[in-house]
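Read through the structure below, which is laid out as structure tokens, and then see the notes.
The values are calculated or read from the model by the stated rules, or taken from the named source; none is laboratory data. In this text the structure is predicted, and so the values were computed from the model without any measurement. With ideal geometry, Cβ positions are generated from the backbone for all residues, glycine too; neighbour counts draw on all protein chains shown.
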Amino acid sequence: MADLTVKEFMQEIIAKNPGETEFHQAVQEVAESVLPFINKNPKYRETKILERIAEPERVIMFRVPWIDDKGEVQINRGFRIEMNSALGPYKGGLRLHPTVYLGLLKFLAFEQVFKNSLTTLPMGGGKGGSDFNPKSKTDNEVMKFCQSFMTELFRHIGPNTDVPAGDIGTGAREIGFMFGQYKRIRNEFTGILTGKGLNWGGSLVRPEATGYGCVYFTQAMLKAVGDSLKGKTCTVSGSGNVAQYTIEKVTQLGGKCVTLSDSGGTVHDPDGISEEKLAYIMELKNVKRGRIKEYAEKYNCKYFEGKNPWGVKCDVAFPSATQNEINEADAKELVKNGCIAVGEGANMPTTPEGVKVFQDAKICYGPGKAANAGGVATSGLEMSQNSLRLSWSREEVDKKLHDIMLAIHEQCAKYGKEGKYIDYVKGANIAGFVKVADAMLDQGVV
Ligand code: NDP
Ligand code: 2IT
């Protein structure tokens, strides 16, 4: 059989999924890593495993009608992409953001399959959400939306079927409203969502897990080249869940975070974001739901309207906002300014051209599906605790998270080592692929 080229493979993907540009981007990156491996292993080629992984097992799209505080009817579109269940129940977050459409969630669901495989826990991959914009909505409006969303979603999920969680725009408040509605409809208290409140089934360290895990992974990358986070200046984008706990852990490990951002712009605080300043950010973002600009006003530092943080000189960068937030020019700027490591808290935050810049410069580059897997891994730990009807201590969960991040680093190194350099993109893609592919082979053509 002649080798299957990335070009041939992508032509079919693009023809079958027109206009879904983020999905094409995510599939192409995996195909570039995995096709050479598949071509050498005919059992995967003959059984069209990658073609099957790129086709969701099921896509659910639905109307989400609700009534706002003025009494006006609003209509949003809800989605759940049940991508792959070879390794366990579908698992992945729910994104609430006006840019949500089918192609965006398919990219996230596709990435999730490989990420969840890397965690070593029994979880398939999925993603969902809606084009609902929680910003500037009242708590009552958010509750009305969440209840309507769950009124359709409930029939598709379950503790052994599909277990959603948070993502952009879906935090503790939204998970609470959705859980309440599920329980009311089904008359059942079960672990159908993760990221739940700590006193009603949530796991300790789940709120912190994505940020902490990303820092643990970055620390492992630095250790592999004989370095550490101690004394390093770090830039962070975003100011939500992932950004907040990235800052907390970097600071605990002796690094200094100097930026934060939101869709309005970036703040630069050269003195570093201390524990006290972080507490202010958490109140500002999680309770008052304000803008990051207010931080600059309070602490008298610079605010760059409409700008991202990548122009600020740093040793380590933690993109923790959204997809494609680092382009080729940003990546060049980072490398030029001496950046030695990038830990992706966000999903696919670097464009393919940007990734190439990092790879050519041979800096430590940890792609999202490896570096941010601590969030979903701890969701897996929450599912285990729910099944056992037990809750583990903070130290226990944190240790398991730390061990999982080191195990992911090991798997990436195993498949991505090229002499002294570790290509974490190749490593994560192949390691993630092999486990899913082997499970699919065992389970027949389904
Ligand atoms: P949050 O909603 O808590 O925070 C998102 C942050 O990113 C906000 O500061 C937001 O600013 C900013 N942001 C979002 N979209 C844009 C945009 N288009 N342009 C500029 N800034 C933007 O989300 P999370 O912290 O949970 O998620 C951040 C990233 O991490 C996402 O890529 C997510 O998929 C990924 N991730 C999250 C996990 C989790 O457990 N939560 C797990 C693994 C990955 P603003 O408020 O102005 O929109
Ligand atoms: O992108 C992700 O991994 C998440 N948003 C977390 C998913 C989860 O099920 O915890």
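A few comments on the model shown:
- Looking across region 107-144, the residues that are of a type in the set (S, T, N, Q), more than 25 Å from residue 13 (Cα to Cα) and more than 13 Å from ligand 1 (Cβ to nearest atom) come down to 120, 138, 140.
- Among the conditions (1) in contact with a strand residue (DSSP E or B) (Cβ under 6 Å, 6 or more places away or on another chain); (2) more than 16 Å from ligand 1 (Cβ to nearest atom); (3) of a type outside the set (Ser, Thr, Tyr), the only one that residue 354 does not satisfy is (2).
- When residue 446 is tested against the conditions (1) farther than 25 Å from residue 82 by Cα; (2) at pLDDT below 95; (3) of a type in the set (A, V, I, L, M, F, W, C), the lone failure is (1).
- Residue under evaluation residue 291, criteria (1) over 24 Å from residue 363 (Cα atoms); (2) touching a Pro at 6+ places or on another chain (Cβ under 9 Å); (3) of a type in the set (D, E, K, R), criterion not met: (2)
- Criterion (outside any loop (DSSP other than H, G, I, E, B) and either without any contact (Cβ under 8 Å) to a residue 12 or more places away in the chain or more than 10 Å from ligand 1 (Cβ to nearest atom) (or both)) met by exactly one of 246, 235: 235
- Selection within region 144-202: residues that are acidic (Asp, Glu) and surrounded by fewer than 17 Cβ atoms within 10 Å (Cβ to Cβ). The member of this set that is farthest from residue 286 (Cα to Cα) is 188.
- Candidate set: region 103-143, residues that are aromatic (Phe, Trp, Tyr) and under 24 Å from residue 378 (Cβ atoms); chosen: the one surrounded by the fewest Cβ atoms within 10 Å (Cβ to Cβ): 107
- Matching helices (runs of 4 or more DSSP H) fully within region 1-68 where at least 1 residues are at negative phi, under 26 Å from the mean Cα position of the chain (by Cα) and at pLDDT 95 or above: 6-16, 21-40, 49-53
- Some residue of region 244-263 being within 16 Å of ligand 2 (Cβ to nearest atom) and in contact with a Gly (Cβ under 6 Å, 6 or more places away or on another chain): yes
- Which listed residue is surrounded by 15 or more Cβ atoms within 10 Å (Cβ to Cβ), modelled with pLDDT of 95 or more, closer than 18 Å to residue 245 by Cβ and away from ligand 1 (no atom under 13 Å from the Cβ), from 334, 278, 284: 278
- Residue within region 137-150 that is within 15 Å of ligand 2 (Cβ to nearest atom) and either among the polar types (S, T, N, Q) or without any contact (Cβ under 8 Å) to a residue 24 or more places away in the chain (or both) present: no
- Of the residues making up region 155-192, just one is closer than 22 Å to residue 86 by Cα and either away from ligand 2 (no atom under 16 Å from the Cβ) or of a type in the set (Phe, Trp, Tyr) (or both), namely 155.
- Some residue of region 215-226 being without any contact (Cβ under 8 Å) to a residue 12 or more places away in the chain, of a type in the set (Gly, Ala, Ser) and in a loop (DSSP other than H, G, I, E, B): yes
- Search result, residues across region 167-204 that are small (Gly, Ala, Ser) and touching a Pro at 6+ places or on another chain (Cβ under 9 Å): 169, 171, 172, 191, 195
- Per the listing 435, 400, 369, the residue uniquely of a type in the set (Lys, Arg), in contact with a helix residue (DSSP H, G or I) (Cβ under 7 Å, 6 or more places away or on another chain) and closer than 22 Å to residue 358 by Cα is 369.
- Residue count for region 179-210, restricted to those that are free of Cβ contacts under 8 Å to residues at least 40 places away in the same chain and either within 12 Å of ligand 1 (Cβ to nearest atom) or outside any helix (DSSP H, G or I) (or both): 7
- Residue tally, condition surrounded by fewer than 24 Cβ atoms within 10 Å (Cβ to Cβ), away from ligand 1 (no atom under 12 Å from the Cβ) and within 28 Å of residue 174 (Cα to Cα), over region 249-272: 1
- Pairs with Cβ under 6 Å, 6+ apart, first in region 104-129 and under 24 Å from residue 64 (Cα atoms) and part of a helix (DSSP H, G or I), second basic (Lys, Arg) and near ligand 2 (Cβ under 10 Å from one of its atoms): 105/127; 108/127; 109/127
- Of all the numbered requirements in (1) outside any helix (DSSP H, G or I); (2) among the aliphatic types (A, V, I, L, M); (3) within 12 Å of ligand 2 (Cβ to nearest atom); (4) within 23 Å of residue 51 (Cβ to Cβ), residue 94 misses one, and that requirement is (4).
Here's the yes/no breakdown for (1) of a type in the set (D, E, K, R); (2) away from ligand 2 (no atom under 16 Å from the Cβ); (3) modelled with pLDDT under 95; (4) touching a Gly at 6+ places or on another chain (Cβ under 7 Å):
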residue	(1), (2), (3), (4)
355	no, yes, no, no
360	yes, yes, no, no
370	no, no, no, no
381	no, no, no, no
390	no, yes, no, no
400	yes, no, no, no
407	no, yes, no, no
